[in-house]
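Worksheet: one structure, shown below.
The values are calculated or read from the model by the stated rules, or taken from the named source; none is laboratory data. Here the structure is a predicted model, which is why all the values come from computation and not from measurement. Every residue, glycine among them, receives a Cβ derived from its backbone with ideal geometry; neighbour counts consider all protein chains shown.
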Amino acid sequence: MGSVNTEILSRKDGAIGTITLNRPQAFNTFTIPFAEQLDAALWDMEHDPTIRVIVIRAEGKNFSAGISLDQFNRKPQREYRDFLYRIDAFYHTLAKLKTVTISEVKGSAMANGAGLAFATDFTIAAKSAKFGTTAINVGLICLGPAVPMMRILGKKRTMEMVLTGQPFSAQHALELGLVNKVVPDELLEEEVQQFVQKLLHKSPLALQIGKEGFNRMTDIPYHAQLDAMDDLFATLCATEDAVEGVSAFLEKRIPAWQGR
């Protein structure tokens, strides 16, 4: 799997799929072609059963500065709605994928760029990275990014960030729980790959069912969450990988995952 001369680059290395945002001259800002290529790349990797982890990274100095402002050019409301539905399709896709996703963030991740970083399952950021839901500073509003942020932060903190538009550091994002890890700039790629390898050593079925469980929990009431999680756990317990994992632990050996 691979692509060239495009705004989104895709690469497969064994069980790892890498998607690279490739508009560095425009700060990897979103346009319709860029957004549609991103969404298509995510689904291509989801449909490849050999890919177990997807890493989203960026070419150039910055992750993404959000939607390209030249796209806001006096459209009627109906056209803007269609435009934004297409631009923001990745939010829906990331929430539906069974494959684990990781954002590798450097430089600026602003507006929809911040939303993309926060919408992935894991986010690892360079120490110098900056985040912000900054659209309000130009008379717009970051309501797309607010959706994954609300799930992580809750209403008050998300409203504060979206309505003030104040950029913030990677360290502050870590303290808020918006990113998982902050690392020295020069070690970003290495740290992401080490994290990927930790995931690849786990049962692929356990990863998928675990991710499905977390996604379901956010949409249903407390008691229904517990029952749904037990149902998923029971499904995992009945797999060959679960038998292998327990047996390997008891026999003090490394498990040999089969993915079934």
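Please specify each residue of the stretch 219-260 satisfying the condition of being surrounded by fewer than 11 Cβ atoms within 10 Å (Cβ to Cβ) and among the hydroxyl-bearing types (Ser, Thr, Tyr). Residue satisfying the conditions is Tyr222 alone.
In contact (Cβ under 8 Å) with a residue 60 or more places away in the chain, among the charged types (D, E, K, R) and either closer than 18 Å to Ser103 by Cβ or part of a loop (DSSP other than H, G, I, E, B) (or both) - does that describe any residue in the stretch 43-56? Looking through the stretch 43-56, at least one residue is in contact (Cβ under 8 Å) with a residue 60 or more places away in the chain, among the charged types (D, E, K, R) and either closer than 18 Å to Ser103 by Cβ or part of a loop (DSSP other than H, G, I, E, B) (or both).
Taken together, Ala170, Ala238 contain a single residue that is of a type outside the set (Lys, Arg) and at pLDDT below 95, which is Ala238.
Annotation note: Cβ proximity below 6 Å between a residue of the stretch 182-208 that is within 10 Å of Lys127 (Cβ to Cβ) and a residue that is in a helix (DSSP H, G or I) and not basic (Lys, Arg) (sequence gap 6+ or interchain) occurs for Val182/Ala170; Val182/Gln171; Val182/Leu174; Val183/Glu191. For Glu190, work out the one condition from (1) out of contact with any Gly (no Cβ under 8 Å at 6 or more places or on another chain); (2) surrounded by fewer than 17 Cβ atoms within 10 Å (Cβ to Cβ); (3) in a loop (DSSP other than H, G, I, E, B) it doesn't fulfil. Every condition holds for Glu190 apart from (3). Examine the stretch 198-212 for a residue that is assigned to a strand (DSSP E or B) and either in the same structural domain as Arg52 (by TED's automatic domain parsing) or surrounded by 18 or more Cβ atoms within 10 Å (Cβ to Cβ) (or both), and state whether such a residue exists. No: zero hits. Can you report the number of residues in the stretch 237-252 which are small (Gly, Ala, Ser) and in a loop (DSSP other than H, G, I, E, B)? Matching residues across the stretch 237-252 total 1.
The set of residues in the stretch 153-182 being within 26 Å of Lys61 (Cβ to Cβ), under 18 Å from the mean Cα position of the chain (by Cα) and not small (Gly, Ala, Ser) consists of Leu174, Leu176, Leu178, Val179, Asn180, Lys181, Val182.
Looking at the stretch 75-186, the helices (runs of 4 or more DSSP H) lying wholly inside it that each contain 1 or more residues that are loosely packed, with under 14 Cβ neighbours inside 10 Å sit at 77-87, 89-96, 143-153, 155-164, 170-176.
Quick check on His92: is it at pLDDT 95 or above, under 30 Å from Arg260 (Cα atoms) and not β-branched (Val, Ile, Thr)? Against the criterion (at pLDDT 95 or above, under 30 Å from Arg260 (Cα atoms) and not β-branched (Val, Ile, Thr)), His92 does not qualify. The set of residues from the stretch 27-84 being of a type in the set (Phe, Trp, Tyr) and at pLDDT below 95 comprises Phe72, Tyr80, Phe83. Assess whether Ala228 counts as being in a helix (DSSP H, G or I), touching a Lys or Arg at 6+ places or on another chain (Cβ under 8 Å), at pLDDT below 95 and not assigned by TED's automatic domain parsing to the domain that holds Ser169. Yes.
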